[in-house]
Every structure is written in C-alpha cells, then in structure tokens.
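Below is one structure, written out as structure tokens; comments come after it.
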Amino acid sequence: MELVDLEKLIKSRRSIRRWQDKKVPEELLLKAIELATWAPNGGNQQNWRFYVIVNRGTIKAIADAVQASADLMASWPEAEKFGMAAGWRERAGFFRSAPAAMAVAAAQYQSPVDQIFAAREKVDSRASQMRQWRNVANSRIQSVASAIAHLLLVLHQMGLGAVWMTGPLQAKGEIEKILKVPLEMDIIAFIPIGYPDEEPPSRGRKPVSEVSEVIR
C-alpha cells in the first residue's frame, strides 16, 4: 500500500451511528479482529478479548441496560444543572439498531514493575509518586486502544461503519452479566458495527503546527 492510499483510508474513516438493515458476515468481523491483534501492546501480553455480538436480542438487551442507566443519570439534579439530561435520554441507546457489535475487554494485569512499586511504596513516598505517574499511562488501556484503532481502520476498509464508544460503560456491570464476562476481565469499550446508512462530513483536524512541538 502506498502512503497516499493509507492516508486516504485514514482520512475517510468516520464514526457511523446509522446502519443499513443488512447482516454483517461473521467472517469479516473475525478477520478484522485477527488484524487488530497485530497492534502493539504492553509486554506483548495480548490480554484483550473481543466479544462479537451478532444476536439482535443481545444488542437490544445491552442498549436497554445503557438506556436505563442514562435515564437514572438524567434524573439527577446535577444532570439538569449542566443541561445533560435530555441528551442522555435521547442518545443513550441509539445503537440498538446496529446489525452487529463488539465489546472489547482486557484482563487485569500487574507487571513485575507494578508489583515492585506496590511493595516499595509502603515505605517510600518517591516510589508512590512514580507509580502514580506510570498509572497515568495504564498499559492495558493503551493496548486495547491500539487494537481498536487498528480494528476501526480494517472495518472501514471492508466497507463497514463503526463507532468507538465508552459511554456504555456506565452500565458496565449489566453488560458484563449479559455477555458472561469473567471476573478477571473488564469491558473497556463497545463498538456497534454495520454497513453505513449515512455519510457524515469530515469535521477536520487541527493543523499539525497546533498539536506538535519539535524539540531540536
């Protein structure tokens, strides 16, 4: 692939929130996962798991759980104060129409370095500070994010549209029960998938000069 082709693929990808009522072949979803797992990940642990959901009833159950949590949040006076109540109620379960979805989970993991910090910080405040700095860049979250970035590009190349969601995590416990996620794993993201039924315009990006600094 030439750089110009890669650039076109990256810049043409959009977050899709409306899909055609058309089945997504499981083999495409599994192939996308295969390629996504070649993403860089902390310690090459590959401690991710992809729950492929093609059962409409299961997607609806997850949407209902997310909608229930959004309705609860919208009832809080704080939500009304910040003008969020109506939006939460209206948008929370929009993905119930998706023909397919993936829930991406990650296993809990403590590296040898993490174990050293956990033991050392009991007697050393400097070690505690260093651990906090490391935790800002949680390696398992970064690993999953890397895989999802790859996944979205592969799905786009396949002609599929998806949207990377973390909002459904407000119903994390309910979703994990629905999907029977083991206790040692956590759902990190939810991704509805289907053949696009919309063409969102480009929202553009800040110029490189605004988001970069060259240290010479």
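The values are calculated or read from the model by the stated rules, or taken from the named source; none is laboratory data. These numbers come from a predicted model, not from an experiment. FYI the Cβ positions are ideal-geometry reconstructions off the backbone, even for glycines, and counts take in every protein chain you see.
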- Task: Take Gly83 and decide whether it is outside any helix (DSSP H, G or I) and surrounded by fewer than 19 Cβ atoms within 10 Å (Cβ to Cβ).
- Result: yes
- Message: Just to be sure I understand, how many residues within region 32-55 are surrounded by fewer than 14 Cβ atoms within 10 Å (Cβ to Cβ) and in a helix (DSSP H, G or I)?
- Response: 3
- Task: Working only within region 169-199, note down all residues that are under 15 Å from Ala105 (Cα atoms), assigned to a strand (DSSP E or B) and not aromatic (Phe, Trp, Tyr).
- Result: Met185, Asp186, Ile187, Ile188, Ala189, Ile191, Pro192
- Is it the case that Val123 is outside any helix (DSSP H, G or I) and among the β-branched types (Val, Ile, Thr)? yes
- Mind checking which pairs have a first residue in region 2-20 that is assigned to a helix (DSSP H, G or I) and a second that is surrounded by 11 or more Cβ atoms within 10 Å (Cβ to Cβ) and at pLDDT 95 or above, Cβ under 8 Å, 6 or more apart or different chains? Leu9/Leu153; Leu9/His156; Leu9/Gln157; Ile10/Leu153; Ser12/His156
- Query: Failed condition for Ala61, given (1) modelled with pLDDT of 95 or more; (2) over 18 Å from the mean Cα position of the chain (by Cα); (3) closer than 22 Å to Asp197 by Cα, with all others met?
  - Reply: (3)
- Message: If Leu155 satisfies all but one of (1) under 16 Å from Val52 (Cα atoms); (2) in a loop (DSSP other than H, G, I, E, B), what's the number of the condition it fails?
- Response: (2)
- Task: Search region 113-131 for residues that are without any contact (Cβ under 8 Å) to a residue 40 or more places away in the chain and pair each with any residue that is part of a loop (DSSP other than H, G, I, E, B) and not hydroxyl-bearing (Ser, Thr, Tyr) when their beta-carbon atoms are under 6 Å apart and the residues are at least 6 apart or on different chains.
- Result: Ala127/Glu121; Ser128/Glu121; Arg131/Glu121
- Any idea which of (1) assigned to a helix (DSSP H, G or I); (2) loosely packed, with under 10 Cβ neighbours inside 10 Å is the one Ser202 doesn't satisfy? (1)
- Item | Residue list for region 21-31, filter: basic (Lys, Arg) and in a helix (DSSP H, G or I) | Lys31
- Message: For the condition basic (Lys, Arg) and under 18 Å from Val54 (Cα atoms), what is the one hit in Lys172, Lys177, Lys122?
- Response: Lys177
